[in-house]
Amino acid sequence: MAVTVSAQAQDYTNIAASGRVTTQNGTAIAGAEVKITSSDRGVSRTGMTDTTGAYTIPQLPPGNYDVAITAPGFATYDE
């Protein structure tokens, strides 16, 4: 599983995490669960990938985050 993650500032108090989940050969993984957890505040948000493997998780406070991605038939990805 390959993952692209980016964070975009929406204002000074919130950011959004977005990216795309694919196989190593670039095929999109639809329906993967993406969980973002703040290592600073303990805040977690969860999103699902769409048919193109894309996801966006809005309204995250700025900080450091861990990412966990699960999808049927694939090993869990942790970063």
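Those residues that are among the acidic types (Asp, Glu) and surrounded by fewer than 16 Cβ atoms within 10 Å (Cβ to Cβ), I need them from region 29-79; list them, please. Of everything in region 29-79, those that are among the acidic types (Asp, Glu) and surrounded by fewer than 16 Cβ atoms within 10 Å (Cβ to Cβ) turn out to be 40, 50, 66, 78, 79.
Summed over region 23-53, residues that are under 21 Å from residue 75 (Cβ atoms) and either in a strand (DSSP E or B) or acidic (Asp, Glu) (or both) total 10.
Only the coordinates and a few stated rules stand behind these numbers; no lab work does. Please read these numbers as outputs of a predicted model, since none were measured by experiment. Heads up, the Cβs are rebuilt from the backbone with ideal geometry, glycines too, and the neighbour counts pull from every protein chain shown.
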